[in-house]
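Undergrad: Let me begin by handing over the structure; questions about it come next.
The values are calculated or read from the model by the stated rules, or taken from the named source; none is laboratory data. This structure is a prediction, so every number in the text was calculated from the model and none was measured. Note that we place each Cβ from the backbone using ideal geometry, even for glycine, and neighbour counts take in every protein chain shown. Please note that ligands, DNA and RNA were not included when accessible areas were found on the heavy atoms of the full protein model with its side chains. Shrake-Rupley method; radii C 1.70, N 1.55, O 1.52, S 1.80 Å.
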Amino acid sequence: MTTIGGDAGAPANSPGKFAIFKLRNFRYYWIGTIFSNIGEHIENVIRNWLIWELTHSVFWLMVMVFMHWIPFALLSLPAGSIAERVNRQRLIIWTEVGQCVAALGMFGATYFGVMDQYWMSGLLILHSVSGALSNPCRQLFLHDMVGKDYLLSGIALTSSLRFATQSVGKPIGGVILLTLGASYGFFANAVAYLPIMLALLTVVRVAQNETPRVRRPLEEFKEGVKHVTAQPSMLATLCVAIAPSVFVGNGFDPFLVIYADTVFKMGATGYTYFITAVGVGAVAAVVLLGALGNVQWKGKMLFGGIFGFCLSMISFALSRSLVPSMIFLFLFGFFQVIHNTAATAILLEDVPNQMRGRVMGIFNFGRLGLRVLNGPFFALLNKLAVLGAAGAFATNAITLTAAASTVAVFTLMLALLAPAVSKQK
């Protein structure tokens, strides 16, 4: 018998399906993460609606997207270096505290009636700095906790949570918004961080594996870039994988608020319907992929997922009927999970062990850090659309269609220039 990440009694070789849940540390950590992810979805839903209610401005909605992701763009590389040099469990606890404090600040400012776009910007930066510091630390902490035999299972189960919890967190956020108000949604977000903090403080005990690398993060980043650029197929795969995050990312979410309020005249109720449809689509994809297991032809799955993602987004942008719009949003959530999963699987399988961390670091930087471009990109498209369109619906439809078309055209060009990507198994 061996000990993996502090859990004795778990077989180290050839673990069966879901055997990772026999690891006590992982079990409590995973459950705590469910609650914190749900809380983040609640906060995202209510923040979008509240900023729209306060400003009725696409510009300020896009500013919030920018504020959310700028810390990830600036801190991705140094955060990885920090994670290698500190007690990772302690750092995760402190980053959860930071996010909880930000949520409590949002609750207080909203409850006492002083919340505006400037307060929200500052509190959102605090929240995102904590998240940016936490992200690479969690990846290393997961390796410490489960060991290499359970690592892929651990990655799959933790990464899928962000999509799976959409179907719970976003509708809960909508219901709280409709019944109790925005301030209590932020309070629920703060409370949602408590389970993971309590688990890490009282139950989870992980022996930290020392990281042998001693070079500076910039040097390792350059090595990773050199490795990727030396292989055109890998570079093309990486570019295809991050295109939806760069040109759409979180810039689409605020438009669900705008459409619910200005197109369908349903206010927060319509917004709740829309975010629920996206979440249910995401869960459907997670369940399908879990049932299928190791899918062949992941390259075709990647391209199919991106084109399905773009088509469903354009269809929603042009729709003025509720039921079709709900169907298009279901498909949007479904294909979002499909292309993200395919991209991650291809990169994990094709990259050598000694380069995997650096290549995945570049992937995460592109997938998360470059979302900082979402806000300015959508704001620019919206301004250009205003110049050439008459009416709010046409302006917003052109904005969304242009963003999705940019992803589709970019992906199609890469498919033609690097056909080997679609042949990935």
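Undergrad: Please compute the modelled spin-label separation between T202 and A284, points set 7 Å along Cα→Cβ, answer in nm with one decimal.
TA: In this crude spin-label approximation the distance works out to 4.0 nm.
Undergrad: Of the cross-linked pairs K265/K298; K226/K298; K170/K265; K226/K300; K265/K383, which ones have a Cα-Cα span greater than 29 Å in the structure shown?
TA: On the way: K265/K298 41 Å; K226/K298 24 Å; K170/K265 20 Å; K226/K300 26 Å; K265/K383 23 Å.
From K265/K298; K226/K298; K170/K265; K226/K300; K265/K383, over 29 Å: K265/K298.
Undergrad: Given a Förster distance of 25 angstrom, what is the FRET efficiency for Y118 paired with R162, based on the Cβ-Cβ distance and rounded to 0.05?
TA: 0.30
Undergrad: So what does C239 come to for accessible area, using a 1.4 Å probe and Å² rounded to 10?
TA: 40 Å²
Undergrad: What's the ranking of 397-404, 45-52 by average number of surrounding C-beta atoms within 10 Å, highest first?
TA: Put in order of decreasing packing, that is 45-52, 397-404.
Undergrad: Taking all protein chains in place and a 1.4 Å probe, what share, in percent, of the accessible surface of region 51-94 do carbon and sulfur account for?
TA: 69 percent
Undergrad: Something else now. Could you tell me which of rounded, prolate or oblate describes region 44-135, using a ≥ b ≥ c as the square roots of the eigenvalues of the alpha-carbon gyration tensor, with rounded for a/c under 1.5 and, failing that, prolate when a/b is larger than b/c and oblate otherwise?
TA: The shape class here is oblate.
Undergrad: On full extension of the chain, what length is gained from F59 through A230, given 0.36 nm per residue of separation minus the C-alpha to C-alpha distance?
TA: 57.6 nm
Undergrad: With a ≥ b ≥ c the root eigenvalues of the C-alpha gyration tensor of region 257-319, is it rounded (a/c under 1.5), prolate (a/b larger than b/c) or oblate? Don't skip to the answer; put the middle values down first.
TA: Working: a/c = 5.67, a/b = 1.97, b/c = 2.87.
Cα axes put region 257-319 in the oblate bin.
Undergrad: Would you tell me the accessible area of F307, worked out with a 1.4 angstrom probe on the heavy atoms of the protein chains, in Å² to the nearest 10?
TA: F307 exposes around 80 Å² with every protein chain in place.
Undergrad: For K22, what accessible surface area do you get with a 1.4 Å probe? Give it in Å², rounded to 10.
TA: That residue has around 150 Å² of solvent-accessible surface.
Undergrad: For region 63-203, what class follows from the C-alpha gyration tensor (a ≥ b ≥ c being the square roots of its eigenvalues): rounded when a/c is under 1.5, otherwise prolate if a/b is larger than b/c, else oblate?
TA: Since a/c reaches 1.5 and a/b is larger than b/c, the shape of region 63-203 is classed as prolate.
Undergrad: Could the peptides 58-67, 410-419 be put in order, highest first, of the mean number of other beta-carbon atoms found within 10 Å of their residues?
TA: Peptide ranking by packing, descending: 58-67, 410-419.
Undergrad: Ranked by accessible surface with a 1.4 Å probe, highest first, in what order do E40, E223 come?
TA: Ranking E40, E223 by accessible area, largest first, yields E223, E40.
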